[in-house]
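The values are calculated or read from the model by the stated rules, or taken from the named source; none is laboratory data. What you are looking at is a predicted structure, and each value in this text was computed from that prediction instead of being measured. Note that each Cβ is placed from the backbone with ideal geometry, even for glycine, and that neighbours are counted across all protein chains shown. Ligands, DNA and RNA are excluded from the accessible area calculation, which covers all protein heavy atoms including side chains. Shrake-Rupley method; radii C 1.70, N 1.55, O 1.52, S 1.80 Å.
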Amino acid sequence: MGGRRETDNNRNKNKAIIYPSELHSYFYCPRVYFFETHMKKKRGFFKRVRLFLGSLFHYTFRLRDIIKHYSYEIPMETDLGSVIIRGRPDAFKIKENSAYVIERKSSKPPYKGAWINDIMQAVAYSVILIREKDLKNVKIEIKYPNKSRVFDLNSELTSMLFKALDEMVLIKYNNILPYAKRGNRCNKCPYRNECFSLDEELESYIDDLIEPGKWIENLNLIS
């Protein structure tokens, strides 16, 4: 029995590992995910403050989770064959053959629906649960400070997850440069200079490139 466990551990060492928080970065901007993976910068003061406030936001719900019998921050993973998804969902509850997953965000919600990167992070946790706990369906709640949005895990969201995972493995383990999702976000991006410099170098033949992540160019929210 011990030998089998050791063999499984050795096999897993050779597999790609993607974390749900990485999916959050990828759907925000694939190019940001590339930079965070390969040349992560030291967090600035305001970034550290935002992360601290975000942690406080999560902890304010801890008592509520305990009272309502939700599990929280439990490490879990599932093996999809070519990649392992590994993470800790904010909160979840399993009842019979269904699960309810809560992903909490301290950021401002969109005018309708939820941000795609928030949803896809929760989808990753949902896929782990549905596979490892042999469930039939999962509901996802994206909880913002003043609004909540609820979605059903469906084939469309699952297909988007698998497509993103394939591309993220190429980016993370093969250093493939992905698409840059341009917009107002670029003005505050810590990798702005490096990103635009890369595009200038590739300008002569960028139209011929097949860039991973280009399919999410106009995918900002789901309602």
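Worth a mention:
- Annotation for region 115-129: no member residue is closer than 18 Å to residue 217 by Cβ, open to solvent by 30 Å² or more (accessible area, probe 1.4 Å) and more than 15 Å from the chain's Cα centre (by Cα).
- Per the conditions (1) surrounded by 15 or more Cβ atoms within 10 Å (Cβ to Cβ); (2) touching a helix residue (DSSP H, G or I) at 6+ places or on another chain (Cβ under 8 Å), the sole criterion not satisfied by residue 175 is (1).
- Which numbered condition residue 75 fails, given (1) open to solvent by 70 Å² or more (accessible area, probe 1.4 Å); (2) closer than 20 Å to residue 167 by Cα: (2)
- Residue 104, sole failed condition from (1) in contact with a helix residue (DSSP H, G or I) (Cβ under 9 Å, 6 or more places away or on another chain); (2) at pLDDT 95 or above: (2)
Each row is one residue, and each column tells you yes or no for (1) touching a residue at least 60 places away in the same chain (Cβ under 8 Å); (2) touching a His at 6+ places or on another chain (Cβ under 6 Å); (3) at positive phi.
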position	(1), (2), (3)
110	yes, no, no
132	no, no, no
137	no, no, no
141	no, no, no
164	yes, no, no
178	yes, no, no
188	no, no, no
192	no, no, no
213	yes, no, yes
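- Among the residues making up region 25-42, those that are within 18 Å of residue 186 (Cβ to Cβ), assigned to a helix (DSSP H, G or I) and of a type outside the set (A, V, I, L, M) are 25, 26, 27, 28, 30, 31, 33, 34, 35, 36.
- Within region 54-81, the residues that satisfy the criterion of being at pLDDT below 90 and acidic (Asp, Glu) are 65, 73.
- Filtered residue count, region 117-174, keeping only those that are in contact with a Ser or Thr (Cβ under 7 Å, 6 or more places away or on another chain), among the charged types (D, E, K, R) and part of a helix (DSSP H, G or I): 3
- Boolean, residue 81 is without any contact (Cβ under 8 Å) to a residue 40 or more places away in the chain and of a type outside the set (Phe, Trp, Tyr): yes
- Taken over region 144-203, the criterion of being β-branched (Val, Ile, Thr) and modelled with pLDDT under 95 is satisfied by 176 alone.
- On inspection, residue 109 fails the criterion of being crowded, with 19+ Cβ neighbours inside 10 Å and under 20 Å from residue 66 (Cα atoms).
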